[in-house]
Every structure is written in structure tokens, then in C-alpha cells.
Amino acid sequence: MKLLVLLLTLVTLVSTARAQQPGLIANTDGRKAISLNGQWQTIVDPYESGYYNYRYQPSENGYFKNAKPKSKSDLIEYDLDNSATLKVPGDWNTQSEQLFFYEGTVWYKKSFDYQRKPNTRLFVYFGAANYLADVYLNGEKIGRHEGGFTPFNFEITKLVREAGNFLVVKVDNKRRRDAVPTLMTDWWNYGGLTRDVKLIETPATFVNDYFIQLQKGSRDRVVGWVKLNGEKPQQQITISIPEAGISKSFTTGANGTALVDFTAPLRLWSPESPKLYDVSIEAETDQVRDQIGFRSIETRGTEILLNGKPVFLRGVCIHEEAPFRGGRANSRADAQTLLGWAKELGANFVRLAHYPHNEWMVREADRMGIMVWSEIPVYWTIEWENPATLENARNQLSEMVGRDKNRAAVVIWSMANETPLSDARLSFLRNLVTHARELDPGRLISAAMERHYLDATTQMIDDPLGEYLDVLGCNEYVGWYDGLPDKANRLEWRSKYQKPLIMSEFGGDALYGNHGDVLTRWTEEYQENLYRHQIAMLKRISFLRGTTPWILMDFRSPRRPLPKIQDYWNRKGLISNKGEKKKAFYVMREWYGGMESSAGNSDYKP
Ligand code: GCB
């Protein structure tokens, strides 16, 4: 009996200790934060000699110690304080000519002072670091994070000093066969601290996370949860939406979590009316504010229903490439430019390819009324049989959903892009689908799949993954990798599933300003003609409920070396990287514009 009690106490102790570990902090914009953006000192370390010793063992005295010679005879072969700087947020490739093609380790260092008030906690938050980040404060390791496009935070309450803190991050963007993404992609492997870095101060017990959205299928019932973290997990929580006259209280349990459930008369979010409400989540020890939109999204047969009404997703794919200057996009201005162009195209939807984009994109989409497809970089030939690869993909999925689950704009979580059929791949992706549904029961699940020819003129969608998705995504390059543009005239599309289809990619390359006839590759005329044939074909697909042509703007890719045409840019953009609109842009705009004006809203079918 005594043993049992001891065991139970142990189990409780261990689980409380675990419960104390805060996860991703929700809505860091809504909190007191100190930006660590700006110039950081850096050391480029291709051999990782700041990490490994000469026997290739992790060294105890790596660069993270930020050591200084103690006497004139002391031998120290680095000096972070006097090293060259790089701007954060930013990729290193476009900040230094020497680093343009570099893949490997760069050490970053930032010093700061910080006066911590009593009863507060401090976290260091990274919007993203591509790809593997080892983080140290004052010479001690505080954590490691894998995955280049999702946020993470570490608590530093106990380690932070009043003066002279040094935060050191080893960022390594070497591609690995077992990583997510894997060795081969079609985008630039921009390395570095590519998104905002900040210190976040919270009360001792704080609102760690919350999920406040409409229940699936409902248009007035709000459900979700609030999670506290800290020594006082049991508290009263009040959720208020003053504009809707809502103020509801809940009590968190011993694990710090309260389930939320109430009805509210809400004006629903839609592209025509992207209504966001000021929402306050108030605990006894903390308060967070957010702007949240409420909408329902579901499917019925081959329809996609937004707020109960059929909608056609007039979309476009976007890479996180900065307009005009190139490199990783990472600001509100970049988001406004890219999404502004999507709006100009007549879009009500964007596919943020091929990884979670920075939070500005999703926040601005929420404000501008643009629905979002968000995806994880499970791309091409992932190591399907490797449990660590699956765990990594699951974690990136958790972090993507974790950050954006309260954004009405996000309507689709996508699991993968163009992955080759196999049993191992199917069980990997099914695992992700189940995980996504557990994390977020409300949104639609999709993936960009391939298709095949049944005969010379019949395209068939029957990927077994389709059974587990809500919306089928399909990439096709008829007229570019697959025949010439007029081939599209002869094609019929069939699907094994009674589900809506988004044609998630189609298109071809054109160099802006390069002119010729419709059969000359790389010309605007070829691309324009390809789009005309594509649109005519797409209109004939009865179960088509969305299109996202590839792609809004040209983007850098090491796979595209053709001199004078590509010069390491994928030229499938409807707009050049300098912001010039190609002829095909206007063809798409005409089609989308026609849909918009003939329905006055989104519920038009082509
Ligand atoms: C695809 C990929 C995309 C490529 C594109 C292309 O199917 O999904 O990442 O960039 O084709 O341009 O070939």
C-alpha cells in the first residue's frame, strides 16, 4: 500500500513538473515584449569548430561560452564581440555575397541587460530559425529547436542577469536526408534567424495558450480552451467580447486548463467582410488581448461551405520571398505587398507554400479578408519509414497549428506536397492527418497530391490519401512539364472521391519582358497562352472548388540555373521579383474578376 502511495505521489510529481513546462506562448504580439531584432555578431563556422572539438566530440568550451582571453598569453581563437554582424530578422544569404550559396553553421550573438521585476517570468522567443537552432544564454544551453519555419520559446527566468547577458544561437541550415524538408526542394535554403526574436515577460502564472473559435458546423457556438502555466493553475478566467456583449467566466482545473463553451451573436468573418472582434482573456494573474474572427468552414459532397454557403477559392500560391529585394520576407510591409497583389488578381484565397509563413502573412490575411491554406514542408521524398522524421513533421504541424489556430483566415491545413505513393508514405501522412484533427477539429485538411493518366486524355485522381482528406489538392503542369498548352483542350478529369478539388498548382515559366510567339518557351506569350488553355480546361471540372496557380511572384531556386532566363530564379511567377506583372497575370485576373462580379461575392462556380 505504502509503495502504491509513493508511486502515485511520484507520478503526480513528475506530471506536475511536466505541466510546468510552458509550451509555445500564444499571441506574443499581445504581450509585453522587448525586441532583440537588429544587428547580431556572427561567426561563420563551416566546420562547426565552435561546437565540436578536434575529435568531433561536442566541446564544453564552444563559442557559446563567448570566452575572452584572461591574460595576454591566453589562447582563444574567436571573438564574438568583434565579429561581423548580420541583421535579425533576416537570412544570411542575401546579406553577404560570400554567404549566398552557404549551407552550414553560423553563430549569432546578442548582448542585453534586463531588470526582472518580482513575480515575473522571462522567455526568449524566436519567430523562426532555419533550420536547426541550439540556443545558449550566458554560456548555458537552454534548448534546441528543429524546423525552419515555426516559432519556439525557452524560459530564461532563472538564468537572466541584470546586466551583461549574452544570448548565443548556433543556426545550422545543412540539408539532411532525414529532415523536413529533406535534401531536395525547389526553393532557396535561406539560413539564419529569419524572423523576429524577442524577450517576453509574463506574470508568474500566465495565459500560456488559448483556442477560441466556432464549433465545427455551428455559426454561433464558441468552443475551445484556455491554458494557464505557473504555480497557481486554478483560477477564474473571463473571456469578453465587448462588441458582442459577451463576458463569460470559466474555472481552470489543477492542470491549468479550462474548457470554453458559449453562444454569441457574432458577425461572421468572410472575404467580403473580414470582421475581427477584440477579445480579452483575463485570468486572476494575467490578461491577454487578441483580435479574433469567427467563421465556419466545412465541406458537403463536392462543395466547400464558408459560413454555410458554397464558396469557390480563387487563389494563388505564394512563397515567402521578399518582393523587390529578394531573400526571406519577414515584415508587415512584405505581407501587405504580396497579399495586396493577390487581391489585385481577384483572389479570396492564398496557398502559403511550402512551409508555414511568418505570422505577418496570416495576421494580414485575417485583416484583408483572404482565406489561407497553410502547409508543413513535407515535400517530395521524405524518409517515410523514419520515426524521428515523423516526430519532426508532427512537431512542425503542432507548432504551425499552435501559432495560427485562432486566425479565421486559415481554413485549410495541408499535410504534404507531391509525395510519391507507397504504404509507408500513406501511414506517415495518415498519422499527420489524425494529429491535425486532434489539434484542431474545425479546419479542413488537404494535401497537394499527384494524379495519373488512365489513358491519353483522362486524368485520374485516386491517390489513397484522398480518403483521409476533406479537400483534394492536385498539382498538374499540363502545357509545361506535360505536353504543350493545347494538350489541356483534350483532357477530362475524374476523381475517385466525392470531394471538392483545389487545383493546387499549374503554370509555366516566363521571364518578364521576354516576348515571342505562343510556342516559344520562357516568353510571356507562352505563359499567357498556357493560362488560357488551363482555364478553359479547369472550367470543365465539375468538382473543382478552387485554384491556386503556381505562383504569384518569381522566387529563388538552386534548381534553376538557365543563364539569362532563370539565373537561379523559378520564373513561374505571374509577377516578377521586381514587381512587374506578366501577361498571364491579366488572364487570371480576368477569370477571377468575372467570378467575383457575376456573384457579387464568393459563392460563384466557374
Ligand atoms: C511543383 C512543386 C513546386 C515547384 C514547381 C515547379 O510541382 O510543388 O514546389 O516549384 O512544381 O516550378 O516545378
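If you go through the range 41-70 and keep only what is open to solvent by 60 Å² or more (accessible area, probe 1.4 Å) and under 21 Å from F166 (Cβ atoms), you end up with V44, S49, P58, E60, N61, K65, K68, P69, K70. Restricting the range 464-510 to residues that are among the acidic types (D, E) and away from the ligand (no atom under 16 Å from the Cβ), the residue that is farthest from the chain's Cα centre (by Cα) is D486. In summary, strands (runs of 3 or more DSSP E) completely within the range 268-354 and bearing 3 or more residues that are within 16 Å of the ligand (Cβ to nearest atom), in contact (Cβ under 8 Å) with a residue 12 or more places away in the chain and open to solvent by less than 20 Å² (accessible area, probe 1.4 Å) occur at 349-352. Within the range 55-94, the residues that satisfy the criterion of being charged (D, E, K, R), outside any helix (DSSP H, G or I) and out of contact with any Lys or Arg (no Cβ under 7 Å at 6 or more places or on another chain) are R55, E60, K68, K70, K72, D74, E77, D79, K87. Annotation: Y568 fulfils all but one of (1) in contact with a Lys or Arg (Cβ under 8 Å, 6 or more places away or on another chain); (2) open to solvent by 10 Å² or more (accessible area, probe 1.4 Å); (3) away from the ligand (no atom under 16 Å from the Cβ); the unmet one is (3). Only one of the numbered conditions (1) under 26 Å from L472 (Cβ atoms); (2) open to solvent by 10 Å² or more (accessible area, probe 1.4 Å); (3) of a type outside the set (S, T, Y); (4) within 14 Å of the ligand (Cβ to nearest atom) is violated by L574, and that is (2). Selection of first residues in the range 429-454 that are farther than 21 Å from G217 by Cβ and open to solvent by less than 10 Å² (accessible area, probe 1.4 Å) and of second residues that are within 16 Å of the ligand (Cβ to nearest atom) and part of a helix (DSSP H, G or I), restricted to Cβ pairs under 9 Å at least 6 apart or on distinct chains, gives the following pairs, ordered by first then second residue: L429/L465; A447/L429; A447/L465; M449/L465.
If you filter the range 533-559 down to residues that are basic (K, R) and surrounded by 22 or more Cβ atoms within 10 Å (Cβ to Cβ), you find that the one that is nearest to the ligand (Cβ to nearest atom) is R556. Of all residues in the range 515-526, those that are free of Cβ contacts under 8 Å to residues at least 12 places away in the same chain have Cβ atoms under 7 Å from Cβ atoms of residues that are not acidic (D, E), 6 or more apart or on another chain, in H515/T523; G516/T523; T520/Y526. Condition check for V518 on (1) more than 16 Å from the ligand (Cβ to nearest atom); (2) open to solvent by less than 40 Å² (accessible area, probe 1.4 Å): one failure, at (2).
Among the residues making up the range 115-133, those that are outside any loop (DSSP other than H, G, I, E, B) and within 14 Å of the chain's Cα centre (by Cα) are F126, N130. Can you tell me which residue within the range 371-395, out of those that are acidic (D, E) and away from the ligand (no atom under 16 Å from the Cβ), is nearest to R295 (Cα to Cα)? Selected residue: E391. The C-beta contact set for the range 471-496 (first residue farther than 15 Å from R521 by Cα, second residue within 11 Å of the ligand (Cβ to nearest atom) and modelled with pLDDT under 95, distance under 7 angstrom, 6+ apart or interchain) comprises N475/E450. Look at K198 and say whether it is in a loop (DSSP other than H, G, I, E, B) and more than 16 Å from the ligand (Cβ to nearest atom). No: the conditions fail for K198. Looking across the range 28-40, the residues that are open to solvent by less than 60 Å² (accessible area, probe 1.4 Å) and farther than 13 Å from V171 by Cβ come down to T28, G30, R31, A33, L36, N37, G38.
Contact annotation: residue pairs with Cβ atoms under 8 Å, 6 or more positions apart or on different chains, pairing a residue in the range 414-425 that is hydrophobic (A, V, I, L, M, F, W, C) with a partner that is within 11 Å of the ligand (Cβ to nearest atom) and in a strand (DSSP E or B), are M415/E375; A416/E375; A416/Y379; A416/A448. Output the residues belonging to the range 521-532 that are more than 16 Å from the ligand (Cβ to nearest atom) and either charged (D, E, K, R) or open to solvent by 20 Å² or more (accessible area, probe 1.4 Å) (or both). If the condition is that a residue be more than 16 Å from the ligand (Cβ to nearest atom) and either charged (D, E, K, R) or open to solvent by 20 Å² or more (accessible area, probe 1.4 Å) (or both), then E524, E525, E528, N529, R532 are the ones that fit. Selection of the range 409-425 for residues being away from the ligand (no atom under 16 Å from the Cβ), assigned to a loop (DSSP other than H, G, I, E, B) and over 23 Å from the mean Cα position of the chain (by Cα) yields only S422.
For the criterion of being over 22 Å from the mean Cα position of the chain (by Cα) and either closer than 30 Å to N417 by Cα or open to solvent by less than 10 Å² (accessible area, probe 1.4 Å) (or both), K248 fails.
The values are calculated or read from the model by the stated rules, or taken from the named source; none is laboratory data. Computed from a predicted structure; not experimentally measured. Reconstructed Cβ throughout: ideal geometry from the backbone, glycine too, with neighbour counts over all protein chains shown. Note: accessible area is taken over every heavy atom of the protein model, side chains too, but ligands, DNA and RNA are not part of it. Shrake-Rupley method; radii C 1.70, N 1.55, O 1.52, S 1.80 Å.
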